[in-house]
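Okay, structure first, notes after.
The values are calculated or read from the model by the stated rules, or taken from the named source; none is laboratory data. Every value quoted in this text rests on a predicted model; they were computed, and no experiment measured them. Every residue, glycine as well, gets a Cβ built from its backbone with ideal geometry; the counts of neighbours run over all protein chains shown. For the accessible areas, the whole protein counts, side chains as well, though only heavy atoms, and no ligand, DNA or RNA atoms are used. Shrake-Rupley method; radii C 1.70, N 1.55, O 1.52, S 1.80 Å.
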Amino acid sequence: MTNRFYVTTPIYYINDVPHLGTAYTTIAADVLARYHRLRGDETRFLTGTDEHGLKIQRVAAEQGLDPQVYADGLSAKFRAAWPRLGCAPDDFIRTTEERHMRGAQKLWSTIKDAGHIYLGHYEGLYCVACEAYYTEKELALTPGLCPVHKTPVETVKEESYFFKLSAFQDKLLAYYEAHPDFVRPAGRFNEVKSFVKEGLQDLSVSRTTFNWGVPVPGDDRHVMYVWFDALSNYMTSLSAPEDNTRFWPAIHFVGKDILRFHAIFWPAFLMAAGIELPKQIFAHGFLTYCGEKMSKTLRNTISPVELAEAISPTVGVDTVRYCLMRAIAFGQDGDFAIKDVLQRYESELGNNLGNLLNRVKPFTKEVLPAGEPGQPEADLLQAVTRTVDAAAKAFDDLNPTGAITIIFEVLTLANTYINDTAPWIAHKKGDLKRVATIMSPLLVVLEVASVLLAPVMPQVAARVREQLALAPIDWSKHEALWPFTLPVRPEGLVVKGGDQLFPRMEPEKIEALIKAFSPPPKSTDVTEAAPATTPSTTETTVTAAPAEATEPRVRAPIEAMPTISYEDFARLDLRVGIVVAAEKVKKKDKLLDLRVDTGDAAPRRIVAGLAAAYTPEQILGKRVVVLCNLAPRDFGKGLVSEGMILAASDEASLKVLGVDGEKIAGAKVS
Ligand code: MSP
């Protein structure tokens, strides 16, 4: 019987671009999908975008765009980002696609026909960013504010269809009891059970206050609650364009913040529709940055593609994948730190994996007959066999961190084996048979590693295989390649060799990476960073950060401008603006096309020559100073700028002017 594996990521809200936090889930799903492909399982990996809801309708309106046009643009960014991170989903579903909307309506009708949906009224505290209601109890620690986003919740009252969630409390508890691995990790499952035991209320599953959603069948005054719409993607992707329903049930990878939707609502909807429940729901932790969840709302995101490119055009993507999977035990939270990434690049990837390949290359330039293997050779091969089994168990157990640790242990053993067997001594003596004997298990280790590591580092695995003169892995074939039987190298196959896998980074590059991907220093850090000899006058003394440049910079002579009156100055409408959207302008590499909230009814479009100084991600969310009453400037092709962002420039760089503190958009600058 064919084994099947169906893994899903949450479908991402499109009010954001993919960042390292969202990439974490997608990479984890890709790793597991690749592992199952290597096991020969029929595998399906689904991701996509969640495009309906008030939040999207509002942002699109603010930008004067049709929501579908807005959604098309943002969804495309997600679709394009994943392959750039080595991820190969089998399907990318969008909730605005016809196939999805039809599927969601079918699920609704099945549940309604079974008597589990009724019409009523709802009043509650709603967070637009979560698209979820909160109870007063849930807001106890953050009164009036969403506990996730720390933004105000809104009171919403509306006619609504309700799903009879309360009727499923006992059924859910019985199901949990019978399926002890339904939700993992176990601690999170306990939280889910406690929540259900406290009692479930019926769930409002439709909205009338906006129309950007899937129309409720038979009552198009209502659109479906986004979570009803979104959760159904896991099934709707299987029904169209072709029938893939054989893949159900799925394993859902989700962040811990959305576990309740997946472990309570979704199973209840499926029970109500008479559909088999998911195989498992795995809730992973958060990727944090300086201890805070990495998220657009908190404006502390890192672009995984930029990070990967900055590390290396060849192995940067795999380095990022490796670090995310290795550094953060799947299920726990973990903090991102560039220094940690650089350390792993050098010590684990460079000094262990890369070094092993390098050490083998000089002794395998030609094929020589090997002698009888001794105990060290036999021991190493046994360790490899154990590793193949143990790594499979770890991946089967959804523990990529464990699998990587196990695989790297055998690489360490192989490096120790080289130290102990010292092939260079035999080589110097001209004992080439001994050299070949020593090398023989090492070639097995490397070949096995090129398969075992391929789920996490597909490109690195391909490079290792190329250097060993092995055929590349063909991911499109459902071939069982997991080396439960150790490979035997074909006779006469010469190692090709090639560039170092993980070349040592120059100190300047390390410094530049640390600078680019470290959080900005807090003002208190500046005081702490002051040299010990700086006399401290009062406790509040803040010492300016040392100048960045090592050489004193010479300022060009300044040409004074004619004096103007205060009235002249007062005619400038200068305001604080917050950059709410940013993208590059095609074929104009100096320009950024920005939407800046300057306190007007809608954000204004500003086309700014800032692209050399800032990426769209870097400028997004910045508080800037805007000259609002500058005559509009037409850049052609409908690109009209309605203001100017003030910036300071010298020969070295261009920096936008900011404001201290959290001034609101539109605050007057004078
Ligand atoms: N659209 C819903 C999901 C619907 S699924 C039927 C949603 N979208 S989201 O874009 O806000 O989040 C998607 C996933 O990304 C969630 O699992 C969330 O936990 C995860 N992450 C977002 N930021 C993250 C980190 N900083 N770290 C780890 N995962 C993160 O919720």
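Set side by side, the residues 21, 53, 48, 40 differ, and just one is of a type outside the set (Val, Ile, Thr), open to solvent by 10 Å² or more (accessible area, probe 1.4 Å) and either closer than 28 Å to residue 594 by Cβ or within 13 Å of the ligand (Cβ to nearest atom) (or both), which is 21.
Among the residues making up region 480-509, a single one is touching a residue at least 40 places away in the same chain (Cβ under 8 Å) and either in a helix (DSSP H, G or I) or among the polar types (S, T, N, Q) (or both): 500. Within region 600-643, how many residues are without any contact (Cβ under 8 Å) to a residue 40 or more places away in the chain and over 26 Å from the mean Cα position of the chain (by Cα)? Of the residues in that region, 18 qualify.
The numbered conditions (1) open to solvent by 50 Å² or more (accessible area, probe 1.4 Å); (2) within 24 Å of residue 100 (Cα to Cα); (3) within 14 Å of the ligand (Cβ to nearest atom) are all true for residue 164 except (3).
Is it the case that residue 337 is farther than 30 Å from residue 192 by Cα and either free of Cβ contacts under 8 Å to residues at least 12 places away in the same chain or within 16 Å of the ligand (Cβ to nearest atom) (or both)? Spelling it out, residue 337 is indeed farther than 30 Å from residue 192 by Cα and either free of Cβ contacts under 8 Å to residues at least 12 places away in the same chain or within 16 Å of the ligand (Cβ to nearest atom) (or both). For residue 188, are the conditions met, namely being among the charged types (D, E, K, R), surrounded by fewer than 22 Cβ atoms within 10 Å (Cβ to Cβ) and assigned to a strand (DSSP E or B)? When the stated conditions are applied, residue 188 does not pass them.
For region 460-480, enumerate the residues that are polar (S, T, N, Q) and closer than 13 Å to residue 353 by Cβ. Result: 467, single match. Restricting region 291-315 to residues that are closer than 25 Å to residue 260 by Cα and not in a loop (DSSP other than H, G, I, E, B), the residue that is nearest to the ligand (Cβ to nearest atom) is 293. Looking only at region 397-446, residues that are closer than 14 Å to residue 357 by Cα and assigned to a loop (DSSP other than H, G, I, E, B) come to 0 in all. When residues in region 47-102 are screened for being more than 29 Å from residue 453 (Cα to Cα) and assigned to a loop (DSSP other than H, G, I, E, B), 10 of them pass. Condition check for residue 184 on (1) more than 16 Å from the ligand (Cβ to nearest atom); (2) more than 18 Å from residue 268 (Cβ to Cβ): one failure, at (1). The residue that is farthest from residue 14 (Cα to Cα), among those in region 290-319 that are exposed (fewer than 15 other Cβ atoms within 10 Å of the Cβ) and acidic (Asp, Glu), is 309.
In the set 206, 232, only one residue is touching a residue at least 12 places away in the same chain (Cβ under 8 Å) and closer than 20 Å to residue 12 by Cβ; that residue is 232. Just one of the listed residues (471, 512) is open to solvent by 50 Å² or more (accessible area, probe 1.4 Å), among the small types (Gly, Ala, Ser), in a loop (DSSP other than H, G, I, E, B) and out of contact with any Pro (no Cβ under 6 Å at 6 or more places or on another chain), namely 471.
Residue 62 meets all of the listed conditions (1) open to solvent by 30 Å² or more (accessible area, probe 1.4 Å); (2) out of contact with any Pro (no Cβ under 8 Å at 6 or more places or on another chain) but one, namely (2). Checked against the criteria, residue 142 counts as outside any strand (DSSP E or B) and of a type in the set (S, T, N, Q). When you check residue 184 against the structure, is it of a type in the set (Lys, Arg), within 26 Å of residue 15 (Cβ to Cβ) and in contact (Cβ under 8 Å) with a residue 60 or more places away in the chain, yes or no? Considered against the rule, which asks whether it is of a type in the set (Lys, Arg), within 26 Å of residue 15 (Cβ to Cβ) and in contact (Cβ under 8 Å) with a residue 60 or more places away in the chain, residue 184 comes out as no. Here residue 178 meets each of (1) under 31 Å from the mean Cα position of the chain (by Cα); (2) open to solvent by 50 Å² or more (accessible area, probe 1.4 Å) with one exception, condition (1).
With respect to the stated conditions, residue 195 fails to be open to solvent by less than 10 Å² (accessible area, probe 1.4 Å), at pLDDT 95 or above and away from the ligand (no atom under 15 Å from the Cβ).
Within region 103-120, take every residue that is part of a helix (DSSP H, G or I) and among the β-branched types (Val, Ile, Thr) and give me the one that is most open to solvent (accessible area, probe 1.4 Å). Per the stated criteria, the residue is 110.
The residues in region 594-605 that are in a strand (DSSP E or B) and either more than 21 Å from residue 666 (Cα to Cα) or open to solvent by less than 20 Å² (accessible area, probe 1.4 Å) (or both) can be counted, and the count is 2. Applying a threshold of 8 Å to beta carbon distances and a minimum spacing of six or more residues, or different chains, the list of pairs starting in region 60-86 at a residue that is in the same structural domain as residue 48 (by TED's automatic domain parsing) and ending at one that is open to solvent by 70 Å² or more (accessible area, probe 1.4 Å) and of a type outside the set (A, V, I, L, M, F, W, C) reads 60/66; 86/459. Do we find that residue 580 is at pLDDT 90 or above and in a strand (DSSP E or B) in this structure? Judged against the criteria, residue 580 is not a match.
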